[in-house]
Amino acid sequence: MSIPIGYLDTATNTWKKVGEIPAPATAPPPVVTPPPEPTPVPPTPTPTPPATQTKDKWGIQMLVPTKSGGRTWFLNETNPEDGQFYNKSGTITNKGNGEYVCSQPAVRLYVRSPEPHALWKNTEITGYYRIESGAVGRNAIQHYGRGGIHTNSTYTLANGQSKLGNPMGTKYSVRIYSNGDTLSAKECGHSVYAGYRSARSNAVPDLIPARWFGFKSVINEYKNAAGKECVSMKGYIDDQAQDSSGKCTPKNNWKLLTSAVDEGDWNNFDQAEFDNLIKQGALENTGMTAAQFKSFIITWPGHPTFVKDSKNRAIACCCSFRWDDLSVRFKYLSAREITPNVK
């Protein structure tokens, strides 16, 4: 017989089973108020990079961007003599509207590198031209860089030594002729040329009778497959750059004219001329033998004898504009140090 489990309730004198035991009163659970949700922090927006400038101060297309912090030069439209510009060619006449003519048949206009200006190396050189008279033939407008002025004269260095200026005349150049031919050229000193490259006949129609056209040269370094620093040079034209009244009006319709590279194989110089240049001091301060210099890619801004000399630095590194036996009206001359490693 099982005995029910319980207890005696003395108040009622009755037996209470366990299941009938009243549960002790319990306090209700406390009300927990959740903490407020934190105010969400908006994500930091990704900054928008500044737009790449594609045109210069005159609205002319820049084919290669200016190097960050790179040097730029623009022809002063009221007075070209700005301390950088060097006219080796007689009188320049201002024809108004930023246009000029030069009186000499052999025109040499240089943008020099006086202190504190940086030395030119990788460059985009631009000009707008109208050939007003001259023979249709092998008379060219050309831009060049990677050297200084071209001369047979003797120069005195800061230390008092006298040096022939011929070694100063290294260059890569791009040419456009009055008959529309184009080519690229290399000179290891004045005036010792390798064979021309990328020559094209009648790349554009004759540039006489007169019309405005833009002309650019781009001289830039790049690394070849072996990681060697080499040089690329290109020429471009913005043809028919004028409005219905004949006023110079850039169209920015740039077309490639000529393209060449130097990877150390552009060395077909006339041997007698080359040997004479060596006698004139071309190897001095270079650390090269004659054989090495013959295949030298012009990776310097100018010959070290002159470009490292305080007295001659300015003329030893130039961006240059040249034409011969042509009457030319010109406008919008400029030079910019450009981003390297663009072939």
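The values are calculated or read from the model by the stated rules, or taken from the named source; none is laboratory data. All values reported here derive from a predicted model rather than from experimental measurement. Heads up, the Cβs are rebuilt from the backbone with ideal geometry, glycines too, and the neighbour counts pull from every protein chain shown. Heads up: the accessible areas ignore ligands, DNA and RNA and are worked out on the full protein's heavy atoms, side chains in. Shrake-Rupley method; radii C 1.70, N 1.55, O 1.52, S 1.80 Å.
How many residues, within segment 308-343, are assigned to a loop (DSSP other than H, G, I, E, B) and either open to solvent by less than 10 Å² (accessible area, probe 1.4 Å) or in contact with a helix residue (DSSP H, G or I) (Cβ under 6 Å, 6 or more places away or on another chain) (or both)? Walk me through it before giving the result.
Filtering segment 308-343 down to residues assigned to a loop (DSSP other than H, G, I, E, B) leaves 308-312, 317, 325, 339-343.
From what's left, either open to solvent by less than 10 Å² (accessible area, probe 1.4 Å) or in contact with a helix residue (DSSP H, G or I) (Cβ under 6 Å, 6 or more places away or on another chain) (or both): 312, 317.
The qualifying residues number 2.
Quick check on my filter: what residues within segment 197-214 are open to solvent by 10 Å² or more (accessible area, probe 1.4 Å), touching a residue at least 60 places away in the same chain (Cβ under 8 Å) and under 26 Å from HIS150 (Cα atoms)?
At the first step, the residues of segment 197-214 found to be open to solvent by 10 Å² or more (accessible area, probe 1.4 Å) are 197-206, 208-211.
Now drop any that are not touching a residue at least 60 places away in the same chain (Cβ under 8 Å), which leaves 197-198, 206, 208, 210-211.
Matches in segment 197-214: ARG197, SER198.
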Item to check | Residue count for segment 91-113, restricted to those that are within 19 Å of SER133 (Cα to Cα) and part of a loop (DSSP other than H, G, I, E, B) | outcome: 4
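Working only within segment 289-303, note down all residues that are open to solvent by less than 20 Å² (accessible area, probe 1.4 Å) and in a helix (DSSP H, G or I). Spell out the reasoning first.
Quick first cut of segment 289-303, residues open to solvent by less than 20 Å² (accessible area, probe 1.4 Å) only: 293, 297-298, 302-303.
Answer for segment 289-303, where residues must be open to solvent by less than 20 Å² (accessible area, probe 1.4 Å) and in a helix (DSSP H, G or I): just PHE293.
So that you can scan it fast, the table gives a plain yes or no per residue for (1) of a type in the set (Ser, Thr, Tyr); (2) surrounded by fewer than 24 Cβ atoms within 10 Å (Cβ to Cβ); (3) touching a Gly at 6+ places or on another chain (Cβ under 9 Å); (4) over 21 Å from PHE274 (Cβ atoms):
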site: ARG112; (1), (2), (3), (4): no, yes, yes, yes
site: LYS121; (1), (2), (3), (4): no, yes, yes, yes
site: GLY134; (1), (2), (3), (4): no, yes, no, yes
site: ARG138; (1), (2), (3), (4): no, yes, no, yes
site: SER153; (1), (2), (3), (4): yes, yes, yes, no
Checklist entry - Consider TYR100 against the criteria (1) closer than 25 Å to VAL64 by Cα; (2) in contact with a strand residue (DSSP E or B) (Cβ under 9 Å, 6 or more places away or on another chain): it satisfies all of them except one. Which criterion is unmet? => result (1)
Next on the checklist: Restricting to segment 227-242, and then to whatever is part of a strand (DSSP E or B) and open to solvent by 10 Å² or more (accessible area, probe 1.4 Å), can you tell me which residue is farthest from ILE141 (Cα to Cα)?
Outcome noted: GLU229
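Return the total of residues in segment 228-271 being on the phi > 0 side of the Ramachandran plot and either at pLDDT 95 or above or among the β-branched types (Val, Ile, Thr) (or both).
Just the residues of segment 228-271 that are on the phi > 0 side of the Ramachandran plot, to begin with: 240, 246, 252, 264.
Right, trim to either at pLDDT 95 or above or among the β-branched types (Val, Ile, Thr) (or both) and you get 240, 252, 264.
Summing the residues that are on the phi > 0 side of the Ramachandran plot and either at pLDDT 95 or above or among the β-branched types (Val, Ile, Thr) (or both) in segment 228-271 gives 3.
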Checklist entry - What do you reckon, is VAL261 surrounded by 18 or more Cβ atoms within 10 Å (Cβ to Cβ), within 29 Å of ASP56 (Cα to Cα) and in contact with a Phe, Trp or Tyr (Cβ under 7 Å, 6 or more places away or on another chain)? => result no
Checklist entry - Taking segment 162-196, which residues are open to solvent by 10 Å² or more (accessible area, probe 1.4 Å), under 18 Å from LEU277 (Cα atoms) and in a loop (DSSP other than H, G, I, E, B)? => result HIS190, SER191, GLY195
Checklist entry - Does LYS247 satisfy the condition of being among the charged types (D, E, K, R) and surrounded by 17 or more Cβ atoms within 10 Å (Cβ to Cβ)? => result no
Item to check | Tally, over segment 114-160, of residues that are more than 20 Å from the chain's Cα centre (by Cα), part of a strand (DSSP E or B) and not acidic (Asp, Glu) | outcome: 10
